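Below: one structure, written as structure tokens.
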Amino acid sequence: MTSKGVATTLVSLLVIVAAFGSNVSASELSNANEFLVINNEGGESFTSYINLTGESSIAAAQLVWTVSELNPVSSLTNEVVILQTSSIFSNVTISEDIYHWRLSIPVNDMNCTCLFSITSTDETKSLVDSVILFIGSHKHFPIITYIPSFQTPENSEIKYLEYNVTRPDYDHENNIELLSSTVFKANVCQFSGNSCITEWLQVQLNHSITETGNFIVAIDKLQLGVGDGNYNFEVFMRDSFLRYSNADEVFLTFDTNAPEVVILGSESAKEMDSEVYSALVDDGYENSLVALTWTITEPSGLVRGVGQAEIITNTSVKVEFNQSGQWNISVLAVDSVGFFTKLSYSVLVENLPPEIYLEVSSGELNADDEITFSVDENWFIDASTSLDTVNDVNDLVYVWKIEDVIVHSGANLSQEYLSIPGHHQLTLEVTDTDGAISQSTIKLGLKTTDETTTTSDNLLPIASVGVILLFLLMIGLRLRKPDSSFNLPKWGK
């Protein structure tokens with residue numbers, strides 16, 4: 001059945017472009033001035049000679065015609081057979097730059113339901129036309145041609161297919177009794193990728209007849225007892241003479257439910273962290289076509305789509321949280337028939353406080369030591385190298401305090417802002433744009449010139465006294481040193 005579907009696909013493509021009336025052309029004009037048309041009506045019968053006429057805007061020498069045999073769905077033949085092909089015409093005349101051609105082909109032993117097609121050899125022209133012919137006296141069967149129509153989402157459980165039927169001209173097309181005995185059937189399988197994933201099943205389809213004689217075939221999901229999914233239908237007809245038509249291959253999607261969506265990813269993060277978020281989508285069947293749209297709402301209220309750099313795949317994104325606060329990540333999933341689901345995911349982003357780094361003019365700084373300067377010298381304590389996240393570091397606020405009294409606001413404290421002698425305990429507060437505060441305590445000693453001089457002047461007397469005391473101590477030790485000689489007493493005999 002599958003191999004037959006491959007063969008009927010080509011037949012269906014050829015039949016779709018067949019002309020339904022004498023004045024209808026299936027040519028796709030490459031521009032408004034070029035055309036190619038067959039004048040004969042589709043469905044004509046020929047028993048001795050196939051006589052066809054037509055006209056075109058391009059030279060007949062650039063045209064090629066082909067007679068191909070079509071096969072009914074009941075045929076065991078897997079190939080479309082080309083019976084004749086040529087670029088020679090019986091007669092060609094030119095009038096007002098239009099080429100009028102005539103073709104007369106002997107039937108000989110041909111007996112078929114055939115497709116006569118004519119096309120331009122110039123691939124840039126894309127001109128083609130074709131008609132169904134019944135050649136010879138037997139092997140004739142009806143040809144069904146699908147007429148495309150728009151299917152709204154309301155048709156998700158029932159699909160309607162319209163078909164035009166071309167029969168041999170000796171059939172009684174207007175005989176209601178004959179039309180009422182027509183049956184439409186289909187071979188159906190669930191389709192995934194490039195092949196069926198279930199066994200083929202043959203079903204009978206309900207149909208009705210329009211005022212123009214076309215057939216409306218109804219494919220009812222509930223009647224067939226199938227679930228949502230993609231299905232391959234090989235639709236064919238059996239007429240009142242029990243002749244089977246060609247098979248028209250149609251791929252249909254039944255989708256009656258909105259897709260289910262689950263978002264996976266962290267619900268919390270730290271400022272400037274990057275996190276990956278993925279969407280799991282289930283539309284109820286394999287190979288469902290679902291389009292995803294990601295939307296991000298930042299704490300500032302900005303609503304935006306994801307950038308190209310944030311997209312990993314269609315179902316996953318990588319988000320950098322450059323602000324603290326509540327983020328919202330949402331996914332809109334729309335399936336092939338328009339059903340949609342929107343899901344939101346909240347992420348709380350924690351703000352990171354600043355990290356304080358200090359530099360002093362003296363070049364040395366120990367956490368427990370006091371920094372000492374003279375009130376007369378130029379000095380500074382610089383906190384401008386403090387760190388924070390990229391979005392906060394340029395807007396840090398620096399406040400220097402002594403016992404909760406603000407001494408200075410700015411990254412750099414110097415003698416310009418603090419010159420009161422004494423021992424001070426400074427508190428530096430660094431605040432970012434999100435309100436996070438970091439503190440550092442600094443011991444600062446500011447000495448006057450007198451204190452510095454007095455200290456220097458006192459060093460000389462103290463040093464002098466020390467030297468004298470050391471000298472006297474050394475003399476005293478030497479005077480108290482015992483005689484180093486030792487004499488033994490002499491004893492008389």
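Observations, loosely collected:
- Looking across 352, 292, 358, one residue alone is touching a Lys or Arg at 6+ places or on another chain (Cβ under 9 Å), in contact (Cβ under 8 Å) with a residue 40 or more places away in the chain and surrounded by 15 or more Cβ atoms within 10 Å (Cβ to Cβ). It is 352.
- In segment 276-305, the qualifying residues are those that are over 18 Å from the mean Cα position of the chain (by Cα) and charged (D, E, K, R), and the one that is farthest from residue 226 (Cα to Cα) is 298.
- Number of positions in segment 408-431 that are among the charged types (D, E, K, R) and at pLDDT 90 or above: 1
- Strands (runs of 3 or more DSSP E) within segment 271-382 that include 2 or more residues modelled with pLDDT of 90 or more: 274-282, 290-297, 303-305, 311-313, 316-320, 325-335, 340-350, 380-382
- Boolean, residue 173 is surrounded by fewer than 16 Cβ atoms within 10 Å (Cβ to Cβ), modelled with pLDDT under 90, assigned to a helix (DSSP H, G or I) and at negative phi: no
- Listing of strands (runs of 3 or more DSSP E) fully contained in segment 32-95 that carry 3 or more residues being under 45 Å from the mean Cα position of the chain (by Cα): 63-69
- Sole residue being within 50 Å of the chain's Cα centre (by Cα) and either closer than 30 Å to residue 48 by Cβ or of a type in the set (Asp, Glu) (or both), chosen from 116, 134: 116
- Check on residue 379, surrounded by 13 or more Cβ atoms within 10 Å (Cβ to Cβ) and assigned by TED's automatic domain parsing to the domain that holds residue 425: yes
To keep it simple, each residue is scored yes or no on (1) closer than 29 Å to residue 74 by Cα; (2) touching a residue at least 12 places away in the same chain (Cβ under 8 Å).
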{"position": "101", "(1), (2)": "no, yes"}
{"position": "104", "(1), (2)": "no, yes"}
{"position": "108", "(1), (2)": "yes, no"}
{"position": "112", "(1), (2)": "yes, yes"}
{"position": "116", "(1), (2)": "yes, yes"}
{"position": "120", "(1), (2)": "no, yes"}
{"position": "123", "(1), (2)": "no, no"}
{"position": "130", "(1), (2)": "yes, yes"}
{"position": "136", "(1), (2)": "yes, yes"}
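- Meets criteria (modelled with pLDDT of 90 or more and among the hydrophobic types (A, V, I, L, M, F, W, C)) for residue 128: yes
- Filter pass, residue 141 being part of a loop (DSSP other than H, G, I, E, B), at pLDDT 90 or above and at negative phi: yes
- Residue ID - surrounded by the fewest Cβ atoms within 10 Å (Cβ to Cβ), chosen from residues in segment 259-270 that are part of a loop (DSSP other than H, G, I, E, B) and more than 19 Å from the chain's Cα centre (by Cα): 267
- Within segment 113-138, the set of residues being hydrophobic (A, V, I, L, M, F, W, C) and not in a loop (DSSP other than H, G, I, E, B) comprises 114, 115, 116, 118, 128, 131, 132, 133, 134, 135.
- Scanning segment 377-401 for residues that are acidic (Asp, Glu) and in contact with a strand residue (DSSP E or B) (Cβ under 9 Å, 6 or more places away or on another chain) yields 382, 388.
- Residue in segment 195-210 that is among the hydrophobic types (A, V, I, L, M, F, W, C), more than 30 Å from residue 132 (Cα to Cα) and either exposed (fewer than 14 other Cβ atoms within 10 Å of the Cβ) or not assigned by TED's automatic domain parsing to the domain that holds residue 338 (or both) present: yes
- Scope segment 180-230; condition of a type in the set (D, E, K, R) and either part of a strand (DSSP E or B) or at pLDDT 95 or above (or both); matching residues: 185, 220
- Cβ pairs under 8 Å, 6+ apart, first in segment 406-434 and within 29 Å of residue 323 (Cα to Cα) and in contact (Cβ under 8 Å) with a residue 12 or more places away in the chain, second in a strand (DSSP E or B) and of a type in the set (D, E, K, R): 411/382; 412/382; 427/401; 428/401; 429/401
- Test: residue 57 is exposed (fewer than 14 other Cβ atoms within 10 Å of the Cβ) and at pLDDT 90 or above: no
The values are calculated or read from the model by the stated rules, or taken from the named source; none is laboratory data. Fair warning: this is a prediction, and the values are worked out from it, not measured in the lab. In this analysis, Cβ positions are derived from the backbone assuming ideal geometry, glycine residues included, and neighbour counts consider all displayed protein chains.
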